[in-house]
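A short worksheet on the structure shown next.
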Number of protein chains: 2
Amino acid sequence: MSMIVDRRDLDFILFDLLGMDELLRHERFAAFDRDACTQMLDTAQAIAEELFLPIAAEVDAQEPRFVDGRVEMPEGTGRALRACAAAGFFALPFALEHGGLQAPRVLHTAASGIFTCANTAVANYAFLTVGAANLLAAFGSAALRQNFLPPMLEGRWFGTMCLSEPQAGSSLADITTTATPRADGTFSLRGSKMWISGGDQEVSENIVHMVLARIAGAPAGTRGISLFLVPKRRVDESGAVGASNNIALAGLNHKMGQRGTTNCLLNFGESGETIGYLIGEAHRGLGYMFQMMNEARIGVGHAATMSALAGYRHSAEYARTRIQGRKAGQKDPAAAAVPIIEHADIRRMLLAQKAAVEGAQALCLYAAQLVDRQEIATDAAEAEWLGTLLGLLTPVVKSWPSEHCLEANKWAMQILGGYGYTRDYPLERLYRDNRLNHIHEGTFGIQGIDLVGRKLGGDNGEALRRFAAQMRETAARAGLQPTLAAEAARLGGALDQLERTAAALLGCADIPRRLANATVFLDAFGHVVIGWLWLWQALAATAARGGDASADERLFLEGKILTCRYFMAHELPLAVARLALCATLETSSLDAPAALFAL
Amino acid sequence: MSMIVDRRDLDFILFDLLGMDELLRHERFAAFDRDACTQMLDTAQAIAEELFLPIAAEVDAQEPRFVDGRVEMPEGTGRALRACAAAGFFALPFALEHGGLQAPRVLHTAASGIFTCANTAVANYAFLTVGAANLLAAFGSAALRQNFLPPMLEGRWFGTMCLSEPQAGSSLADITTTATPRADGTFSLRGSKMWISGGDQEVSENIVHMVLARIAGAPAGTRGISLFLVPKRRVDESGAVGASNNIALAGLNHKMGQRGTTNCLLNFGESGETIGYLIGEAHRGLGYMFQMMNEARIGVGHAATMSALAGYRHSAEYARTRIQGRKAGQKDPAAAAVPIIEHADIRRMLLAQKAAVEGAQALCLYAAQLVDRQEIATDAAEAEWLGTLLGLLTPVVKSWPSEHCLEANKWAMQILGGYGYTRDYPLERLYRDNRLNHIHEGTFGIQGIDLVGRKLGGDNGEALRRFAAQMRETAARAGLQPTLAAEAARLGGALDQLERTAAALLGCADIPRRLANATVFLDAFGHVVIGWLWLWQALAATAARGGDASADERLFLEGKILTCRYFMAHELPLAVARLALCATLETSSLDAPAALFAL
């Protein structure tokens, strides 16, 4: 049993659920048939098990250190990333014209998840590089692409995103880093950037920072922000790496988890000139960055899911092998003890994890596949809808796993009891690692405002109505199956409440009051979406459990149906209660005077 | 603003809510009037702020190490504990006849909480010593009490509880440590004990272990377990400390949090004879231990509450001083940024913490005060009822804070964003520390079985009915206040569902099916109890906000009413949904075959 991937489940989601065969028939993905996808996943699994997983505890315990102006960290990090890049995983989702392998995003997401599950701190460097390269590919000039993309796709240079500053984490309108035009068309950057993951390291030959900054005279707020490519070491016109670009590592942040990823305070232009290249047009940087952020947010949600997958598999393995206690009702103390997986509450905690992990996995891959479908859509209206749906779901994809897959990690640790609380097992590290996901790439609260303010308010609920209709279609199909009728009815009821609540929010002209309910609404909306994905999975499993399925296969499929039932019984009612609360436009957080707290 | 105690709230709970004045009038507590209580709390706060809080980060970062057969740890630990003991906090709850100060338990709990809030890892040593001394005072012979109690109450010797073994954490029926009678009436102990907090250290002059073991020929299971006092260093008849008692420290466990408390694997009788003294009668050890465990479980719930109190106060302070972003609806990017406490979602997270922390604080002090009231009750039926109620509430007191005050710590960290995730702030440590509370002293699942199996099943729901009637009385009184009528009605509805669900559980003769719903029931029952305590607090606040209250005082009291409203709106409906689920005697965890998980 692999501790880092459930290949059967991955196949089920990709092919049985999302119908990836159809996607692969598109000419854009001509190089990838199902076998090629399988091979990519095999390769990812082999490298992750050989090079990522074995150093996961080491990179946590031996946090990167700042020694003589350089970052020191365990050498396994570089070895793992080089193998990952050499096998093509940095280049995987990029277009052939950019030197990529032009695979579907959904395959790239699935493969990346295997590395993340094995070792999120090391996988982060690849994830950030792909994100930065994505930005460059989409908005960079031909000259910049030519010099910077190949080494990034080859994994020789890594990338970062430099948004936050010490005084501005969530409020990007307030960033103060400046970019001053130079005579040759480049810019001179000055300012401090905080929380920069992978901001410095010696693993790659160079680092390509994607930096938000203001050009002098730019409008205040988010409409005056531009995007710059700023290399750690300067790159000449031939693409050769030269002298330092004067980006000083001012400090490493010491985090609770994900410790193997450096997290830096960087000072630009302090000890000498820091040269950057404008990407796209001036003042439009935040829009570009958000295109990347949306994919990054899928990545963050998926990382949360992968930490939980690792915890789920470890705790299931432990529960099967740890012998303790007797079955409920067994009064004879001389009776043999049983594996703890025989205890109902242990199985409840495994079901809770399975529901969260496989639900979130389906969500993340569904979202990644929307990116693919949008890219290949020939009908403009269809492409626009897919983009809109992706926008609506992005806060959910980012936040639901960050909340509920963290909870899954909590239960994984609980199953191991005291052992789970020690550093001899990976559970406590997974829990620490996972806690970051609710914070970076836009906090839970920011995602709520994005959903209710921008996505829901932006089109007066139209996208939500259309998406709800799509979910109702699944419920209608499931309702025809006697074994799923009760679950279909539950989803239908939740959708009714979801739409009533959305209408109530939109009907509230008092924007602060509407937004005061945003985070709770986001969480509950996520539950409804996950409920829908579980019903869809149960429907697909029902269709697949034909007469010729093996016993193992039938067990797998029954597991999907049972977990759907679990989620609908245990979890969905909580969302209905939360949605009902939001429908009242609850005001306690607005009514509470600031002076009230911790007097 | 103190980071470790809210004295106004403590006074409110102790005096306005629990009516401690009446308790203090009892002759048993003649030495303690309200001023004396205030002085004890002042002293606790002064010592905790001066000696416990400043080393909290240090004892976390510099975990105890095993060097040359001895445990090394920062010396501040001993200094803090000596000051705590010298001020009388080890002796505080003990009877005068045992050398104690004979204060109410509820005062001891409140005072201990201040140390725990400042530094739970160091406070643990005191907590464990008081617990072990409690056992000795209640069940030990006069000779044992004479030799061992004074140095424990003076804080020169520390205590531990040795229950778990490597193969038996939760299943005490399966412990295998043996005790063989020696000619002089003492016993020779052999076996391994795991997860022993404070199991070894060099801070105290001796360590008094309370050890569960089997005498040869004892019945199998929990009815064959005896309790022994086993000192680290032998003690002669005059009480002088002598040679090693051959308890080998086989290893230190490396935990996620509470690192300043050693956690040990101890081997008894391996390198020589380990001598122990039988406490009370043979084979009755588990019953004795459970008397102590019940108080220890209040302590664990209270410790969870205290970690959350620290997080709440830190995050409130941060939210008031961190400037970022603009108020919702403010579109002008040039407008001044505001403290983040002005953002509704930040206040929602503060309210969630306040509701959890102050609700749990009221719960723990209510439980501690039941111990006092039971002790001084002259009416046998009244004493029995108080004991029964305490038994019913103990799983809630242990579990509700462990679950929901951990959640509070999550929100505290979230308010600080990236900063909260770094080790430069105490939030991530508090979150790590708090995670243990759901595991030790009986896991969440064990508490659920205790509640539904033993406490609810034991008297066919009689105690729950009587307690529910008591809660309904509060609801009836609150219902007469126009400002609380809606909240009173909500509690009434939740109580209806609680009683329906309890009846459904008790009506299910299939014990495994009944118990499969135990943990969810426990959690929801806890929510109802906390809802009751909030309604009670709101009622007390309503009564107190007379015309002569100062503006600060009125704000404090309004805060109680507002937080009650928050809890009833945001939290209680979740409990009703969970109770409704349990009423269906849901079976998914029983239906899921073990082979299903992580195939």
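The values are calculated or read from the model by the stated rules, or taken from the named source; none is laboratory data. These numbers come from a predicted model, not from an experiment. FYI the Cβ positions are ideal-geometry reconstructions off the backbone, even for glycines, and counts take in every protein chain you see. Ligands, DNA and RNA are stripped out before the accessible areas are found, and what is left, the full protein with its side chains, is counted by its heavy atoms. Shrake-Rupley method; radii C 1.70, N 1.55, O 1.52, S 1.80 Å.
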*Taking into account only those residues within segment B:1-32 that are farther than 26 Å from B:T542 by Cα and open to solvent by 30 Å² or more (accessible area, probe 1.4 Å), which is nearest to the other protein chains (Cβ to nearest Cβ)?*
B:M3
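For segment B:362-379, does any single residue satisfy the condition of being within 7 Å of chain A (Cβ to nearest Cβ) and in a helix (DSSP H, G or I)? Working first, answer last.
Applying the first criterion (within 7 Å of chain A (Cβ to nearest Cβ)) to segment B:362-379 yields none.
For segment B:362-379, residues within 7 Å of chain A (Cβ to nearest Cβ) and in a helix (DSSP H, G or I): absent.
For segment B:223-239, state whether one or more residues are over 27 Å from B:Q146 (Cα atoms), modelled with pLDDT under 95 and open to solvent by less than 20 Å² (accessible area, probe 1.4 Å). Step through it out loud before you land on a result.
So the first thing to find is which residues in segment B:223-239 are over 27 Å from B:Q146 (Cα atoms), and the list is B:223-224.
Imposing the further condition that a residue be modelled with pLDDT under 95 reduces the set to B:223-224.
After this cut, where a residue has to be open to solvent by less than 20 Å² (accessible area, probe 1.4 Å) as well, the list is B:224.
Checking segment B:223-239: at least one residue is over 27 Å from B:Q146 (Cα atoms), modelled with pLDDT under 95 and open to solvent by less than 20 Å² (accessible area, probe 1.4 Å).
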*Across segment B:481-525, what is the total count of residues that are of a type outside the set (A, V, I, L, M), farther than 14 Å from B:C582 by Cα and open to solvent by less than 10 Å² (accessible area, probe 1.4 Å)?*
0
*Out of the residues in segment A:263-281 that are buried (at least 21 other Cβ atoms within 10 Å of the Cβ) and closer than 14 Å to A:A248 by Cβ, state the one that is nearest to the chain's Cα centre (by Cα).*
A:C264
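Whether any residue in segment B:457-480 is closer than 20 Å to B:E571 by Cα, within 14 Å of another protein chain (Cβ to nearest Cβ), surrounded by fewer than 23 Cβ atoms within 10 Å (Cβ to Cβ) and out of contact with any Asp or Glu (no Cβ under 9 Å at 6 or more places or on another chain) is what I want to check. Write out each step before concluding.
So in segment B:457-480, the residues closer than 20 Å to B:E571 by Cα come out as B:468, B:471-472, B:474-475, B:478-479.
Still in the list and also within 14 Å of another protein chain (Cβ to nearest Cβ): none.
The answer is no, given that none of the residues of segment B:457-480 is closer than 20 Å to B:E571 by Cα, within 14 Å of another protein chain (Cβ to nearest Cβ), surrounded by fewer than 23 Cβ atoms within 10 Å (Cβ to Cβ) and out of contact with any Asp or Glu (no Cβ under 9 Å at 6 or more places or on another chain).
Restricting attention to segment B:580-592, and to residues there that are in a loop (DSSP other than H, G, I, E, B) and at the interface with chain A (Cβ under 7 Å from one of its Cβ atoms), which single residue is farthest from B:V396 (Cα to Cα)?
Looking only at segment B:580-592, we keep the residues that are in a loop (DSSP other than H, G, I, E, B), and these are B:584-587, B:592.
Those left that are additionally at the interface with chain A (Cβ under 7 Å from one of its Cβ atoms): B:586, B:592.
Numbers: B:E586: 21, B:A592: 28 Å.
Result: B:A592.
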*Is it fair to say B:L128 is at pLDDT below 95, open to solvent by 10 Å² or more (accessible area, probe 1.4 Å) and hydrophobic (A, V, I, L, M, F, W, C)?*
no
_Close pairs from segment A:510-521: first within 8 Å of chain B (Cβ to nearest Cβ) and more than 17 Å from B:I340 (Cα to Cα), partner at pLDDT 95 or above and open to solvent by 30 Å² or more (accessible area, probe 1.4 Å), Cβ under 7 Å, at least 6 apart_ = A:V520/A:R578
*Say we look at segment A:381-428 and pick out the residues that are among the hydrophobic types (A, V, I, L, M, F, W, C) and over 30 Å from A:G461 (Cβ atoms); which of these is surrounded by the most Cβ atoms within 10 Å (Cβ to Cβ)?*
A:A412
*Output the qualifying pairs, or none if there are none: Cβ atoms under 6 angstrom, residues six or more apart or on different chains, first residue in segment A:333-357 and at the interface with another protein chain (Cβ under 7 Å from one of its Cβ atoms) and closer than 30 Å to A:A303 by Cβ, second residue open to solvent by less than 20 Å² (accessible area, probe 1.4 Å) and among the basic types (K, R).*
none
*asked:* Of the conditions (1) over 19 Å from A:R8 (Cβ atoms); (2) open to solvent by 10 Å² or more (accessible area, probe 1.4 Å); (3) part of a helix (DSSP H, G or I); (4) within 14 Å of chain B (Cβ to nearest Cβ), A:A328 satisfies every one except a single condition; which number is it?
replied: (3)
*Does B:A303 fit the bill of being at pLDDT 95 or above, part of a helix (DSSP H, G or I) and out of contact with any Pro (no Cβ under 7 Å at 6 or more places or on another chain)?*
yes
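Looking only at residues that are more than 7 Å from chain B (Cβ to nearest Cβ), under 15 Å from A:G492 (Cα atoms) and open to solvent by 30 Å² or more (accessible area, probe 1.4 Å) in segment A:563-579, which one is nearest to the chain's Cα centre (by Cα)?
A:E571
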_Of the conditions (1) modelled with pLDDT of 90 or more; (2) surrounded by fewer than 21 Cβ atoms within 10 Å (Cβ to Cβ); (3) within 7 Å of chain A (Cβ to nearest Cβ), B:T542 satisfies every one except a single condition; which number is it?_
(3)
*Residue satisfying condition, being of a type in the set (G, A, S) and more than 14 Å from chain A (Cβ to nearest Cβ), within set B:A121, B:A168, B:A142*: B:A142
*asked:* Which condition from (1) in a helix (DSSP H, G or I); (2) open to solvent by 10 Å² or more (accessible area, probe 1.4 Å) is the one that B:E441 breaks?
replied: (1)
_Between a residue in segment A:10-24 that is assigned to a helix (DSSP H, G or I) and any residue that is open to solvent by 30 Å² or more (accessible area, probe 1.4 Å), which pairs come within a Cβ distance under 7 Å, given they are 6 or more apart or on different chains?_
A:F15/A:D21; A:D16/A:A544; A:L17/A:W536; A:D21/A:R34; A:L24/A:D33; A:L24/A:R34
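Tell me, which residue of segment B:282-321 that is over 26 Å from the mean Cα position of the chain (by Cα), open to solvent by 10 Å² or more (accessible area, probe 1.4 Å) and in contact (Cβ under 8 Å) with a residue 24 or more places away in the chain is farthest from the other protein chains (Cβ to nearest Cβ)?
Here is the first cut: in segment B:282-321, the residues over 26 Å from the mean Cα position of the chain (by Cα) are B:282-283, B:318-321.
If we keep only those that are open to solvent by 10 Å² or more (accessible area, probe 1.4 Å) as well, we get B:282-283, B:318, B:320-321.
Then keep just the ones that are in contact (Cβ under 8 Å) with a residue 24 or more places away in the chain; that gives B:282-283, B:318.
Details: B:A282: 17, B:H283: 13, B:Y318: 10 Å.
Among them, the one singled out is B:A282.
Here's a check for you: in segment A:384-437, which residue that is under 28 Å from A:A518 (Cβ atoms), among the hydroxyl-bearing types (S, T, Y) and over 13 Å from the mean Cα position of the chain (by Cα) is farthest from the other protein chains (Cβ to nearest Cβ)?
Filtering segment A:384-437 for residues under 28 Å from A:A518 (Cβ atoms) gives A:384-411, A:431-437.
Pick out the ones that are also among the hydroxyl-bearing types (S, T, Y) and you get A:388, A:394, A:399, A:402, A:431.
If we keep only those that are over 13 Å from the mean Cα position of the chain (by Cα) as well, we get A:388, A:431.
Numbers: A:T388: 24, A:Y431: 7 Å.
Of everything passing the filter in segment A:384-437, A:T388 is farthest from the other protein chains (Cβ to nearest Cβ).
Residue by residue, here is whether (1) in a helix (DSSP H, G or I); (2) under 27 Å from the mean Cα position of the chain (by Cα) holds:
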site	(1), (2)
A:K455	yes, yes
A:R477	yes, no
A:R500	yes, no
A:A509	no, no
*asked:* Cβ-Cβ under 9 Å, sequence separation 6+ or interchain: first residue in segment A:101-128 and more than 11 Å from A:G299 (Cβ to Cβ), partner open to solvent by 10 Å² or more (accessible area, probe 1.4 Å) and among the basic types (K, R). Which pairs?
replied: A:Q102/A:R28; A:P104/A:R28; A:A121/A:R259
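Would you be able to tell me the number of residues in segment B:477-501 that are more than 25 Å from A:T584 (Cα to Cα) and without any contact (Cβ under 8 Å) to a residue 40 or more places away in the chain?
Quick first cut of segment B:477-501, residues more than 25 Å from A:T584 (Cα to Cα) only: B:477, B:499-501.
Okay, now just the ones that are also without any contact (Cβ under 8 Å) to a residue 40 or more places away in the chain, so B:499.
Here the count works out to 1.
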